[in-house]
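K.L.:
Let me begin by handing over the structure; questions about it come next.
The values are calculated or read from the model by the stated rules, or taken from the named source; none is laboratory data. Here the structure is a predicted model, which means the values were calculated and not measured. Cβ sites come from the backbone with ideal geometry, for glycine too, and all protein chains shown count toward neighbours. For the accessible areas, the whole protein counts, side chains as well, though only heavy atoms, and no ligand, DNA or RNA atoms are used. Shrake-Rupley method; radii C 1.70, N 1.55, O 1.52, S 1.80 Å.
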Amino acid sequence: MKLNIQLFAGIAERLGTSLIEYEYDGAEPTAAHLKEQLAETYPELASQIRTSFLAVNQQYAPADTIISAQDEIALIPPVSGGDGTEDRKSEHGVSSTTPDGRYHITTSPLSVEATTNLVITANHGAALTFVGTTREMTGEQRTVHLEYEAYVPMALAQMAAIGDEISERWPGVLCAISHRIGQVDVAEISVVIAVSSPHRSDCYDASRYAIERLKQTVPIWKKEIWEDGSEWKGHQLGPWNPLQQQ
(Lines give C-alpha, C1' and ligand atoms only; values in the text may rest on other atoms or scores of the structure.)
Protein backbone atom coordinates (compact mmCIF):
# COMPACT_ATOMS: atom_id res chain seq x y z
CA MET A 1 0.00 0.00 0.00
CA LYS A 2 1.39 3.39 -1.00
CA LEU A 3 0.98 6.23 1.51
CA ASN A 4 1.77 9.88 0.79
CA ILE A 5 3.03 11.49 4.00
CA GLN A 6 3.60 15.23 4.38
CA LEU A 7 6.63 16.32 6.40
CA PHE A 8 7.37 19.56 8.22
CA ALA A 9 10.03 21.56 10.07
CA GLY A 10 13.19 19.72 11.14
CA ILE A 11 12.11 16.33 9.79
CA ALA A 12 11.46 17.73 6.32
CA GLU A 13 14.73 19.64 6.47
CA ARG A 14 16.76 16.56 7.45
CA LEU A 15 15.21 14.40 4.70
CA GLY A 16 15.36 17.17 2.11
CA THR A 17 11.71 16.80 1.13
CA SER A 18 8.25 17.85 2.31
CA LEU A 19 6.53 14.72 0.96
CA ILE A 20 7.45 11.05 0.98
CA GLU A 21 5.79 8.15 -0.82
CA TYR A 22 5.96 5.34 1.70
CA GLU A 23 5.39 1.73 0.65
CA TYR A 24 3.67 -0.09 3.49
CA ASP A 25 3.67 -3.87 3.17
CA GLY A 26 0.61 -5.27 4.89
CA ALA A 27 -2.94 -4.49 5.92
CA GLU A 28 -4.05 -0.99 6.82
CA PRO A 29 -1.85 0.10 9.75
CA THR A 30 -2.74 1.92 12.93
CA ALA A 31 -1.19 5.34 13.51
CA ALA A 32 1.08 3.89 16.19
CA HIS A 33 2.31 1.08 13.94
CA LEU A 34 2.94 3.38 10.99
CA LYS A 35 4.91 5.79 13.14
CA GLU A 36 7.07 2.95 14.47
CA GLN A 37 7.66 1.71 10.91
CA LEU A 38 8.77 5.20 9.89
CA ALA A 39 11.15 5.34 12.86
CA GLU A 40 12.71 2.04 11.74
CA THR A 41 12.93 3.19 8.12
CA TYR A 42 14.66 6.45 9.08
CA PRO A 43 16.79 5.51 12.12
CA GLU A 44 18.65 8.83 12.04
CA LEU A 45 15.32 10.53 12.79
CA ALA A 46 13.85 7.86 15.05
CA SER A 47 13.76 9.99 18.20
CA GLN A 48 12.08 12.89 16.39
CA ILE A 49 9.54 10.62 14.72
CA ARG A 50 8.63 8.91 17.99
CA THR A 51 7.91 12.26 19.67
CA SER A 52 5.79 13.37 16.72
CA PHE A 53 2.08 12.78 16.10
CA LEU A 54 0.42 11.61 12.93
CA ALA A 55 -2.39 13.75 11.58
CA VAL A 56 -5.01 12.00 9.47
CA ASN A 57 -7.31 14.17 7.37
CA GLN A 58 -6.15 17.26 9.27
CA GLN A 59 -6.92 15.83 12.72
CA TYR A 60 -4.49 14.50 15.30
CA ALA A 61 -4.75 10.71 15.18
CA PRO A 62 -4.96 8.60 18.36
CA ALA A 63 -2.63 5.61 18.36
CA ASP A 64 -5.36 3.14 17.35
CA THR A 65 -6.55 5.11 14.30
CA ILE A 66 -6.71 2.91 11.18
CA ILE A 67 -5.02 4.51 8.18
CA SER A 68 -5.97 3.91 4.55
CA ALA A 69 -4.30 4.86 1.29
CA GLN A 70 -6.96 7.51 0.62
CA ASP A 71 -6.23 9.44 3.83
CA GLU A 72 -4.37 12.76 3.95
CA ILE A 73 -1.45 11.95 6.24
CA ALA A 74 1.04 14.29 7.87
CA LEU A 75 3.80 13.69 10.39
CA ILE A 76 3.54 16.51 12.92
CA PRO A 77 6.67 17.15 14.99
CA PRO A 78 6.24 19.00 18.30
CA VAL A 79 4.87 22.43 17.55
CA SER A 80 6.62 25.67 18.55
CA GLY A 81 5.79 27.67 20.71
CA GLY A 82 -9.71 24.59 7.52
CA ASP A 83 -10.88 24.96 3.87
CA GLY A 84 -9.74 27.80 1.74
CA THR A 85 -6.40 26.04 1.97
CA GLU A 86 -3.04 26.92 0.49
CA ASP A 87 -0.31 24.54 -0.61
CA ARG A 88 2.59 25.19 1.74
CA LYS A 89 5.01 24.92 -1.19
CA SER A 90 3.51 28.23 -2.31
CA GLU A 91 3.68 30.01 1.03
CA HIS A 92 5.15 33.10 -0.60
CA GLY A 93 2.09 35.33 -0.54
CA VAL A 94 -0.15 33.07 1.58
CA SER A 95 -3.27 34.60 3.11
CA SER A 96 -5.73 32.02 4.43
CA THR A 97 -8.76 32.65 6.64
CA THR A 98 -11.56 30.56 8.13
CA PRO A 99 -15.07 31.19 6.75
CA ASP A 100 -16.07 33.25 9.82
CA GLY A 101 -13.06 35.53 9.27
CA ARG A 102 -11.70 35.23 12.81
CA TYR A 103 -8.72 32.92 12.25
CA HIS A 104 -6.04 33.97 9.82
CA ILE A 105 -2.61 32.80 8.61
CA THR A 106 -0.56 35.02 6.34
CA THR A 107 2.94 35.86 5.15
CA SER A 108 2.08 39.57 5.37
CA PRO A 109 2.63 41.81 8.41
CA LEU A 110 -0.14 41.52 11.01
CA SER A 111 -2.48 44.28 12.12
CA VAL A 112 -3.27 44.39 15.83
CA GLU A 113 -6.21 46.69 15.16
CA ALA A 114 -7.71 44.48 12.45
CA THR A 115 -7.59 41.36 14.62
CA THR A 116 -8.96 43.19 17.65
CA ASN A 117 -11.84 44.63 15.64
CA LEU A 118 -13.02 41.08 14.91
CA VAL A 119 -14.09 40.64 18.55
CA ILE A 120 -15.39 44.13 19.35
CA THR A 121 -19.14 44.06 19.86
CA ALA A 122 -21.66 46.40 21.47
CA ASN A 123 -22.56 43.92 24.21
CA HIS A 124 -19.01 43.32 25.42
CA GLY A 125 -17.44 45.71 27.89
CA ALA A 126 -13.92 44.28 27.81
CA ALA A 127 -11.42 43.36 25.10
CA LEU A 128 -7.86 42.16 25.51
CA THR A 129 -5.20 41.66 22.83
CA PHE A 130 -2.05 39.60 23.17
CA VAL A 131 0.77 40.41 20.74
CA GLY A 132 3.76 38.10 20.28
CA THR A 133 6.90 39.56 18.71
CA THR A 134 10.37 38.37 17.76
CA ARG A 135 12.80 38.78 20.65
CA GLU A 136 16.39 39.66 19.74
CA MET A 137 18.28 38.25 22.74
CA THR A 138 17.68 34.93 24.49
CA GLY A 139 20.34 34.86 27.17
CA GLU A 140 23.54 35.53 25.24
CA GLN A 141 22.16 34.20 21.95
CA ARG A 142 21.23 36.88 19.40
CA THR A 143 18.37 36.08 17.04
CA VAL A 144 18.62 37.64 13.57
CA HIS A 145 15.07 36.67 12.61
CA LEU A 146 12.54 33.86 12.94
CA GLU A 147 11.09 31.66 10.23
CA TYR A 148 7.63 30.13 10.74
CA GLU A 149 6.20 27.20 8.83
CA ALA A 150 2.62 25.91 9.04
CA TYR A 151 0.44 23.04 7.92
CA VAL A 152 -2.02 25.75 6.93
CA PRO A 153 -5.40 23.98 6.63
CA MET A 154 -4.93 22.02 9.84
CA ALA A 155 -3.53 25.06 11.67
CA LEU A 156 -6.65 27.06 10.79
CA ALA A 157 -8.89 24.23 11.97
CA GLN A 158 -7.00 23.96 15.25
CA MET A 159 -7.16 27.73 15.80
CA ALA A 160 -10.92 27.63 15.28
CA ALA A 161 -11.13 24.70 17.72
CA ILE A 162 -9.43 26.86 20.35
CA GLY A 163 -12.17 29.44 19.82
CA ASP A 164 -14.80 26.73 20.30
CA GLU A 165 -13.13 25.54 23.50
CA ILE A 166 -13.09 29.11 24.81
CA SER A 167 -16.79 29.50 24.04
CA GLU A 168 -17.53 26.35 26.01
CA ARG A 169 -15.42 27.35 29.01
CA TRP A 170 -16.41 31.02 29.04
CA PRO A 171 -19.81 31.35 27.35
CA GLY A 172 -20.14 34.53 25.34
CA VAL A 173 -16.40 35.17 24.99
CA LEU A 174 -15.23 35.88 21.42
CA CYS A 175 -11.78 34.99 20.13
CA ALA A 176 -9.77 35.87 17.01
CA ILE A 177 -6.25 34.71 16.15
CA SER A 178 -3.89 35.86 13.41
CA HIS A 179 -0.52 34.20 12.86
CA ARG A 180 2.25 35.15 10.49
CA ILE A 181 4.41 32.60 8.66
CA GLY A 182 7.61 33.00 6.68
CA GLN A 183 10.31 35.39 7.87
CA VAL A 184 9.53 37.56 10.90
CA ASP A 185 12.25 40.04 11.82
CA VAL A 186 13.22 41.25 15.28
CA ALA A 187 10.44 43.29 16.96
CA GLU A 188 7.93 42.32 14.25
CA ILE A 189 4.65 40.65 15.20
CA SER A 190 4.25 36.90 14.77
CA VAL A 191 0.88 36.34 16.48
CA VAL A 192 -2.11 38.38 17.59
CA ILE A 193 -4.79 36.92 19.86
CA ALA A 194 -7.83 39.06 20.64
CA VAL A 195 -10.63 38.16 23.04
CA SER A 196 -13.67 40.06 24.25
CA SER A 197 -16.32 39.43 26.90
CA PRO A 198 -19.01 41.22 28.89
CA HIS A 199 -16.64 41.39 31.89
CA ARG A 200 -12.86 41.71 32.09
CA SER A 201 -12.03 38.67 34.24
CA ASP A 202 -13.01 36.23 31.49
CA CYS A 203 -10.81 38.10 29.02
CA TYR A 204 -7.66 37.52 31.07
CA ASP A 205 -8.40 33.82 31.54
CA ALA A 206 -9.41 33.21 27.92
CA SER A 207 -6.39 35.05 26.49
CA ARG A 208 -3.94 32.97 28.54
CA TYR A 209 -5.79 29.80 27.58
CA ALA A 210 -5.64 30.69 23.87
CA ILE A 211 -1.87 31.23 23.71
CA GLU A 212 -1.11 28.09 25.73
CA ARG A 213 -3.40 25.95 23.55
CA LEU A 214 -1.94 27.47 20.39
CA LYS A 215 1.53 26.37 21.52
CA GLN A 216 0.18 22.90 22.30
CA THR A 217 -2.04 22.04 19.33
CA VAL A 218 -1.61 24.31 16.31
CA PRO A 219 0.83 22.89 13.70
CA ILE A 220 3.03 25.95 13.31
CA TRP A 221 6.79 25.63 13.72
CA LYS A 222 9.42 28.23 14.55
CA LYS A 223 13.02 28.26 13.38
CA GLU A 224 15.44 30.62 15.10
CA ILE A 225 18.06 32.10 12.78
CA TRP A 226 21.25 33.26 14.51
CA GLU A 227 24.38 34.92 13.19
CA ASP A 228 26.22 31.58 13.40
CA GLY A 229 23.52 28.98 12.83
CA SER A 230 19.87 28.06 13.25
CA GLU A 231 17.58 25.68 15.14
CA TRP A 232 13.97 24.51 14.97
CA LYS A 233 12.23 25.18 18.28
CA GLY A 234 9.64 22.60 19.24
CA HIS A 235 7.29 22.25 22.18
CA GLN A 236 9.01 23.57 25.32
CA LEU A 237 6.34 22.83 27.93
CA GLY A 238 7.22 19.23 28.81
CA PRO A 239 6.12 16.01 27.06
CA TRP A 240 4.04 16.94 24.02
CA ASN A 241 0.54 15.55 23.66
CA PRO A 242 -1.80 17.67 21.49
CA LEU A 243 -4.71 15.35 22.33
CA GLN A 244 -4.50 16.20 26.03
CA GLN A 245 -6.97 18.80 27.27
CA GLN A 246 -5.79 21.54 29.58
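K.L.:
In Å, the Kirkwood hydrodynamic radius of the chain over pairs of distinct alpha carbons?
P.N.:
18.9 Å
K.L.:
Could you give each residue of the range 125-134 its phi-based ³J(HN,Hα) in whole Hz, using Karplus coefficients 6.51, -1.76, 1.60 with θ = phi - 60°, and x for Gly or Pro?
P.N.:
Each residue of the range 125-134 in turn: x, 9, 9, 9, 10, 9, 10, x, 10, 7 Hz.
K.L.:
Note the full-extension length gain between TYR24 and ASP64 as 0.36 nm times their separation in residues minus their Cα-Cα distance, in nm to one decimal. Provide the component values of the computation, followed by the final result.
P.N.:
On the way: separation 40, 0.36 × 40 = 14.40 nm, distance 1.69 nm.
Additional length available on full extension: 12.7 nm.
K.L.:
Whole number in Å², please: accessible area per residue of the range 1-55, 1.4 Å probe, ligands, DNA and RNA not counted. Could the numbers behind the result be given before it?
P.N.:
Details: 2700 Å² over 55 residues.
That works out to 49 Å² per residue.
K.L.:
Is the shape of the range 78-200 rounded, prolate or oblate, going by the alpha carbon gyration tensor and its root eigenvalues a ≥ b ≥ c, with a/c under 1.5 for rounded and a/b larger than b/c for prolate? Don't skip to the end; give the middle numbers.
P.N.:
Values: a/c = 2.06, a/b = 1.37, b/c = 1.50.
It is oblate, given that a/c is not under 1.5 and a/b is not larger than b/c.
K.L.:
If amide hydrogens are placed 1.01 Å from N in the peptide plane, which non-local residues have theirs closer than 5 Å to the one on VAL94?
P.N.:
THR107
K.L.:
Okay, next question. Mind checking which of LEU110, PRO198, GLY163 is farthest towards the positive end of the chain's charge dipole, using Cβ charges of +1 (Lys, Arg) and -1 (Asp, Glu) about the Cα centre?
P.N.:
Farthest along the dipole direction, towards plus: PRO198.
K.L.:
Round to the nearest 0.05 the FRET efficiency obtained for GLU72 and ALA187 when R0 = 45 Å and r is the Cβ-Cβ distance. Please list the in-between numbers first.
P.N.:
Details: r = 37 Å, r/R0 = 0.82.
It comes to 0.75.
K.L.:
Can you pull the accessible area of ARG14 for me, 1.4 Å probe, Å² to the nearest 10?
P.N.:
Solvent-accessible area, nearest 10 Å²: 140 Å².
K.L.:
Quantify, in whole percent, the carbon and sulfur part of the accessible surface of the chain (1.4 Å probe; protein heavy atoms only). Show your work: numbers first, answer last.
P.N.:
Numbers: 5490 of 11790 Å².
Summing carbon and sulfur atoms, their accessible area is 47 percent of the total for the chain.
K.L.:
Related question: Which of LEU3, LEU54, ALA31 sits farthest toward the positive end of the charge dipole of the range 1-78, with +1 on the Cβ of Lys and Arg and -1 on the Cβ of Asp and Glu?
P.N.:
Going by the Cα projections, it comes out as LEU54.
K.L.:
Sort the range 173-246 into rounded, prolate or oblate with this rule: let a ≥ b ≥ c be the square roots of the eigenvalues of the Cα gyration tensor; rounded if a/c is under 1.5, and if a/c is not under 1.5, prolate when a/b is larger than b/c, oblate otherwise. Write out the running numbers ahead of the final one.
P.N.:
Numbers: a/c = 2.85, a/b = 1.56, b/c = 1.83.
Verdict is oblate for the range 173-246.
K.L.:
Tell me whether the range 1-84 comes out rounded, prolate or oblate; compute the Cα gyration tensor, take square roots of the eigenvalues as a ≥ b ≥ c, and use a/c under 1.5 as the rounded threshold. Provide the component values of the computation, followed by the final result.
P.N.:
Working: a/c = 1.39, a/b = 1.11, b/c = 1.25.
Note, shape of the range 1-84 comes out rounded.
K.L.:
Here's something else I'd like to know. Once both labels are modelled 7 Å past Cα along the beta-carbon direction, what's the GLN141-ALA32 spacing in nm?
P.N.:
Between GLN141 and ALA32, the simple spin-label model gives 3.4 nm.
K.L.:
With +1 on the Cβ of every Lys and Arg and -1 on the Cβ of every Asp and Glu, and nothing else charged, how large is the dipole of the range 161-246 about its Cα centre, in debye rounded to the nearest 20?
P.N.:
That gives a dipole near 200 debye.
K.L.:
Another question, if that's okay. Enter the accessible area per residue of the range 169-246 (Å², integer; probe 1.4 Å; all protein chains in place). Could the numbers behind the result be given before it?
P.N.:
Details: 3540 Å² over 78 residues.
Counting only protein heavy atoms, the per-residue value for the range 169-246 is 45 Å².
K.L.:
Hey, got the dipole for the range 34-158? About the Cα centre, +1 on K and R Cβ, -1 on D and E Cβ, debye to the nearest 20?
P.N.:
Roughly 300 debye for the range 34-158.
K.L.:
Within the chain, how many Lys pairs that are eight or more residues apart, or on different chains, come under 15 Å at the alpha-carbon?
P.N.:
Total qualifying Lys-Lys pairs in the chain comes to 5.
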